[in-house]
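The structure appears right after this line, and notes come after that.
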Amino acid sequence: MGWISAGSLLAWLWLLLGQGFFWRTDVRLPPRTEPAHWPSVAIVVPARDEAEVLPTSLPSLLGQKYPGRAEVFLVDDGSTDGTGDLARSLAATGGGLPLTVGTPGDPEPGWTGKLWAVRHGMALARERGEFAYLLLTDADIAHEPDSLRELVAAARSADLDLVSQMARLRVATFWERLIVPAFVYFFGQLYPFRRVNRPGARTAAAAGGCVLLRRAAAERAGLPDSVRHAVIDDVTLARAVKKSGGRIWLGLAERVDSVRPYPRLAQLWRMVSRSAYAQLLYQPVLLAGTVVGLALVYLVPPVAFFAGLAGGEAVTAALGGAAWAVMTGTYVPMLRYYRQPLWTAPLLPFTALLYVLMTVDSAVQHYRGRGAAWKGRTYPAP
């Protein structure tokens, strides 16, 4: 146990200093100045059974204070709860951006539902004329009135082809407090924002809830057709843009929020497990390595600390405690970002254990033929 805890501590020291400072939360929109000419923007919103959240999110898009031309294209992807009609009624009050509601029909073979809806939304936008940028945003994302303006200013100032913000997810219930900040923390560990934003780095990622994309870059990367099969569409889209020579940027949002509630553990479990095995490319070897790695990094420190204390092994307890302390310290900035009590930071190993179980369950559901299931659709491995 002493050697294992030493290995865990070394892993945490490397994560602290060598993984792009993933634990810092200071990557926000880059410095920006307002352009002399504001480019046109098509806001594409794929929506499937979103009547619960649309009254909060859609008015925030229609109410954008943008100096240039902007239109909203909501794609009702086979909803059964009146999403399309609700969207039209919300826009009927007038005074906001123009809204077009479309229905694409069932996805063709090889397409995921969201990307099929995005494709239809882009086609609707082309019918209304040429747009310089596309804002791809989910139906559960609420934007402050200057959100689009700030995104475009950042993209123009830094000559970026893709600007994405990780929306601040809702944190209100016990399970949301325990799991949601860790979700963003783990995402940053996998895709350190600083590496994503470095032009020469291979790391690429985006947050699908808020992606501003230059139309010319989308055409150069063949989007969305080139990624039509992707379950983790945001990361795959960012890779396609970067691979085709585009410049991308990803950071934390300050004025973009998800309004979707996940009050119960079962809902959060489905949110994570539906794509966890896809993240591992549906490979059992990668699954086994991930489980072992997560156990070494997140579970060994508290186990070694308490086992060392119980068995009188001072070195083991000290090594485990030191690794646990480093882990806790790296989690504190994310808790501050989410305005959560800092006493929950030492609970990260327990949260990591839940993520291990979610990942294993994702693989189990895949082999049962229910993998990547979301809102009545199941997608096989490509």
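The values are calculated or read from the model by the stated rules, or taken from the named source; none is laboratory data. Bear in mind the structure is a predicted one, so any value in this text is a computation, not a measurement. FYI the Cβ positions are ideal-geometry reconstructions off the backbone, even for glycines, and counts take in every protein chain you see.
Within the range 90-112, being modelled with pLDDT of 95 or more and surrounded by fewer than 15 Cβ atoms within 10 Å (Cβ to Cβ) holds for Pro98, Thr103. Scan the range 143-168 for residues that are of a type in the set (A, V, I, L, M), crowded, with 21+ Cβ neighbours inside 10 Å and outside any helix (DSSP H, G or I) and report the count. Qualifying residue count, the range 143-168: 5. Just one of the listed residues (Leu252, Leu319, Leu296) is crowded, with 19+ Cβ neighbours inside 10 Å and over 30 Å from Lys65 (Cα atoms), and it is Leu319.
No other residue among Tyr282, Tyr277 is crowded, with 21+ Cβ neighbours inside 10 Å, outside the structural domain of Arg168 (by TED's automatic domain parsing) and over 30 Å from Thr56 (Cα atoms) apart from Tyr277. Please work out if Pro333 is within 19 Å of Leu268 (Cβ to Cβ) and of a type outside the set (Val, Ile, Thr). It is false that Pro333 is within 19 Å of Leu268 (Cβ to Cβ) and of a type outside the set (Val, Ile, Thr). Residues considered: Ala295, Ala278. Of these, the only one that is modelled with pLDDT of 95 or more and either part of a helix (DSSP H, G or I) or of a type outside the set (Gly, Ala, Ser) (or both) is Ala295. Being among the charged types (D, E, K, R) and under 12 Å from Ala47 (Cβ atoms) is the filter; apply it to the range 60-84 and report the residue that is surrounded by the fewest Cβ atoms within 10 Å (Cβ to Cβ). It comes out as Asp81.
From the list Ala363, Ala323, Ala318, Ala372, the lone residue that is free of Cβ contacts under 8 Å to residues at least 40 places away in the same chain and either outside the structural domain of Phe187 (by TED's automatic domain parsing) or polar (S, T, N, Q) (or both) is Ala318. Looking only at residues that are among the acidic types (Asp, Glu) and part of a loop (DSSP other than H, G, I, E, B) in the range 28-84, which one is nearest to Met122 (Cα to Cα)? Per the stated criteria, the residue is Asp77.
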